[in-house]
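Report on the following structure.
FYI, it's all coordinate maths here, none of it is from the lab. Note that the structure is predicted; figures quoted are calculated from it, not measured. We place every Cβ from the backbone using ideal geometry, glycine too, and count neighbours over all the protein chains shown.
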Amino acid sequence: MYIKGRAWTFGRNVNTDLIFPKMWFRPTYEPGEMASHLMVGIDENFPNKVGRGDIIVGRQNFGCGSSREEAAAAMKEAGIAAVVAPSFGRLFTRKPSTSACPS
């Protein structure tokens, strides 16, 4: 697989409160609103710099913390093509699908 885009690097233990600060948490969002708050816990101007197809590069334990699902949703809405890190918080793992019918 080959992904081309600008890479934005972040350090270790970037938690979901930094990716999508709780001050912006609401039950519903207008389209585009979540992306406008992406990573403002680290860089308040990040939403104005990032573009569709960009890549986020983190260090160990990227996305740790409160498991705020809005953090991943804001990245998706912003058009982040990939998130690369040596290890991730549980929010960024997928559970294997289960079958409704036993085999």
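For the stretch 7-92, what does the relative contact order come out to in percent, with C-alpha contacts under 8 Å and a separation of six or more?
On the way: 167 pairs, mean separation 33.0, N = 86.
The normalised contact order for the stretch 7-92 reaches 38 percent.
So for 83, 57, fewest C-beta neighbours within 10 Å to most, what's the order? Walk me through the intermediate numbers first.
Working: 83 18, 57 13.
Going from sparsest to densest Cβ surroundings: 57, 83.
Give me D for the chain in µm² s⁻¹, whole number, from Stokes-Einstein with Rh from the Kirkwood sum over alpha-carbon pairs, 20 °C and 1.002 mPa s.
150
Amide H to amide H, which residues 5 or more places from residue 57 or on other chains are under 5 Å from it, using H placed in the peptide plane?
8, 9, 10, 84
Lysine pairs in the chain with alpha-carbon atoms under 18 Å apart, 8 or more places apart or on different chains: how many are there? Don't skip to the end; give the middle numbers.
Details: 4/49; 4/76; 22/76; 49/76.
The number of close lysine pairs in the chain is 4.
Per DSSP H run of n ≥ 4, the term is -39500 (n - 2.57); total these for the chain, divide by its residue number, and report the mean residue ellipticity at 222 nm rounded to 500 deg cm²/dmol. Mind showing how you got there, number by number?
Numbers: 3 runs with 17 residues, N = 103.
Estimated from H runs of four or more residues: -3500 deg cm²/dmol.
In which sequence would 88, 20 go, from the one with the fewest C-beta neighbours within 10 Å to the one with the most?
On the way: 88 16, 20 25.
The order, fewest Cβ neighbours first, is 88, 20.
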